[in-house]
1. Of B:Glu52, B:Glu82, B:Glu74, which residue is touching a Lys or Arg at 6+ places or on another chain (Cβ under 9 Å) and acidic (Asp, Glu)?
2. In the list B:Ile269, B:Ile265, which residue meets the criterion of being buried (at least 21 other Cβ atoms within 10 Å of the Cβ) and of a type in the set (Val, Ile, Thr)?
3. Scan the stretch A:222-249 for residues that are within 10 Å of another protein chain (Cβ to nearest Cβ) and out of contact with any strand residue (DSSP E or B) (no Cβ under 7 Å at 6 or more places or on another chain) and report the count.
4. Among what's in the stretch B:1-27 and is of a type in the set (Ser, Thr, Tyr) and surrounded by 22 or more Cβ atoms within 10 Å (Cβ to Cβ), pick the residue that is farthest from B:Ala89 (Cα to Cα).
5. With (1) closer than 30 Å to A:Thr182 by Cα; (2) surrounded by fewer than 21 Cβ atoms within 10 Å (Cβ to Cβ); (3) away from chain A (no Cβ under 12 Å) as the list, and B:Pro243 as the residue in question, which single condition is left unmet?
6. For the stretch A:56-77, name all the residues that are surrounded by fewer than 22 Cβ atoms within 10 Å (Cβ to Cβ), touching a residue at least 40 places away in the same chain (Cβ under 8 Å), more than 18 Å from A:Ala112 (Cβ to Cβ) and not small (Gly, Ala, Ser).
7. Considering only residues that are among the polar types (S, T, N, Q) and without any contact (Cβ under 8 Å) to a residue 60 or more places away in the chain, look in the stretch B:140-177 and name the one that is surrounded by the most Cβ atoms within 10 Å (Cβ to Cβ).
8. When only residues in the stretch A:81-104 that are within 14 Å of chain B (Cβ to nearest Cβ) and not in a loop (DSSP other than H, G, I, E, B) count, which is surrounded by the fewest Cβ atoms within 10 Å (Cβ to Cβ)?
Amino acid sequence: MKILVPVKRVPDPTQKAKIKDGHIDLTGASWIVNTFDEYAIETALRLVENGADNTRTAGAEIVVVSLGPDEAAKELRTCLAMGADRAIHVVCSDAEIDALVVVKVLQSIIAAEKPDVVIMGKQAVDGDANQVGQMLAAKLGWPQATFAASIELSADKQALTVGREVDGGVEYKKVPLKSVVTVDLRIVGARAVVNGVTPASHNYSGEGARLPSLKGIMAAKKKPMAQQKLADHGAQPTPMIKELSVVLPPPRAAGQIVADIPTLVKKLADEAKVL
Amino acid sequence: MGNVLAFCEFSGQQLRSSALSNLAFARLAAQAHGGEVVALLIGAGAAAAGPEAAKYAPKVVVVDDGGLAHYLAETYAPIVAEVAKAQGATLIAATATSTGKDLAPRVAALLDAGMASDVAKLEGKDTFMRPILAGNAYSTVQVTTPIIVVTPRQSEFEAAAPLAAPGTVASAAAGAVNALGAEFVRLDAQKSDRPDLSDAKVVVSGGRGMKNGENFKVLEQLADLLGAAMGASRAATDAGMVPADWQVGQTGKIVAPNLYFAVAISGAIQHLAGMKGSKTIVAINKNKDEPIFQVADYGIVAEWEKAVPELIAEIKKLKATR
């Protein structure tokens, strides 16, 4: 099985947001692989390995793709160190792209690479837009399974049954291969990915995506990373969505610590008038 | 000049509360676009909810087809795109529910439309304010494509009021329904008599400090006393204490009730992103240094084991005097 995983580098979300000239100030920011995309890599690895003995299914390949500046090569190397086999880096500035440009480039890469399935994060934790997976599926004419909390590969390896976290429960949706899956947080649970190879008794740590091992980091240095341009994929650096300005939300007025429960109930009833 | 197509979710003959928020957003957008609101209902049995939708929209289009028994983005998206073209829509809105978030980008791609997700405010016909960075900043974006797709946030738009006179209902054909091989298998629903978390007036949430699912029972007592929905932090849902769809936060539900109780929740950025729009926030935590106290209007520094039963008793007392 060949899996394509698009990833985005994002500013580390634990940094405090700062504004400069009406936009987010990223001077000196540290960058990471978008958390959901890291989970997508983990999902892809779990689909093609025997988790109990760390062997890889014969013929499996995981290709990671990122659109971003030269510096984004670092995040692609992280993905390779986790276990992806090869990377494609479409070099561009963040100002040159929006969701529609990204989709156009990915569509072109998929036409060339012909993966069996695309697995990616449900959203990037900077823009929080949650658009690219669904848009890409539409453009490819492929089915989609968004917000995946579990994935089971069918016995004939031709379909995926995806547990999707929806309002009011978990929906199970079956999609054939040649589909786009976007993953949610719980996809990294101990037994969230079932591939028919890893023994049912095997538990993954459930603590998130794996950290690159030292061996993985060394191996990643030798793995191929292709550098491409937007123009190689017929895409123009002309985003249709323009960010006009960014503001920080007004801080909430300072609250009060109340001494005891009777005082709290009195204040909720008389002051806040919510009881 | 263009119309605004509002994709409306329904249940039986009723519109869902998310649809009423969407129609409120759609009215604002229709003014800006100089057109009218067209409500769109899709699904087997959609015709039954047409009259209810007509109370809120001057025009309703119903696509009712036996092939649409279950929602699938693959079958719904082409219908939304076709109806949008037929109705001369320049903006398409679907509330940012799990269905809206799944569907709207697929529709946008079919129409080469730019999209603004999770919109909190309409600032102009093509300009929208939306939270980014887990709600730690608000970005104003301009979408310059001829057709625009928007998912408004339910918590930011009050339910639309009925029109003075109901609108008209028309039906449209589904065309060839093609799921591209995708199948709905089943829904494991979380059954609950409590209100929907997304539009509850009161929410009671518990966090890691509740220790186990059994301990949530006392919070459920508090919730039932107040007619509240139950919520939880990611720490509690990840630990399997409570169902995943109780999660409030950046990647869970975004809520803005009148009253929000955060019990044994530390207040990670991820959680705050989902609830800091609440009008009144009460935090109960034994550690006075937890960040939750910085967003809380009222804080109680105490162990929940003691504070919550006392709170229940005190509210019962208050109710008895009314």
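1. Numbers: B:Glu52 fails: touching a Lys or Arg at 6+ places or on another chain (Cβ under 9 Å); B:Glu82 fails: touching a Lys or Arg at 6+ places or on another chain (Cβ under 9 Å).
Only one candidate passes the filter, namely B:Glu74.
2. Working: B:Ile269 fails: buried (at least 21 other Cβ atoms within 10 Å of the Cβ).
Matching residue, one of B:Ile269, B:Ile265: B:Ile265.
3. Filtering the stretch A:222-249 down to residues within 10 Å of another protein chain (Cβ to nearest Cβ) leaves A:238-249.
Keeping just the survivors that are out of contact with any strand residue (DSSP E or B) (no Cβ under 7 Å at 6 or more places or on another chain) gives A:238-239.
Count: 2.
4. Our first condition is that a residue be of a type in the set (Ser, Thr, Tyr); within the stretch B:1-27, this holds for B:11, B:17-18, B:21.
Retained after the next criterion (residues that are surrounded by 22 or more Cβ atoms within 10 Å (Cβ to Cβ)): B:18, B:21.
Numbers: B:Ser18: 21, B:Ser21: 19 Å.
This residue is B:Ser18.
5. Only one criterion in (1) closer than 30 Å to A:Thr182 by Cα; (2) surrounded by fewer than 21 Cβ atoms within 10 Å (Cβ to Cβ); (3) away from chain A (no Cβ under 12 Å) is unmet by B:Pro243, namely (3).
6. Matches in the stretch A:56-77: A:Thr57, A:Glu71, A:Lys74, A:Arg77.
7. My answer is B:Thr151.
8. Within the stretch A:81-104, the first condition is being within 14 Å of chain B (Cβ to nearest Cβ), and the residues that meet it are A:94-95, A:97-104.
Subset that is not in a loop (DSSP other than H, G, I, E, B): A:94-95, A:99-104.
On the way: A:Asp94: 15, A:Ala95: 11, A:Ala99: 25, A:Leu100: 23, A:Val101: 22, A:Val102: 24, A:Val103: 26, A:Lys104: 19.
Applying the filter and picking the extreme gives A:Ala95.
The values are calculated or read from the model by the stated rules, or taken from the named source; none is laboratory data. As the structure is a prediction and not an experimental result, all values here were calculated from the model. All Cβ positions, glycine included, derive from the backbone under ideal geometry; neighbour counts span all protein chains shown.
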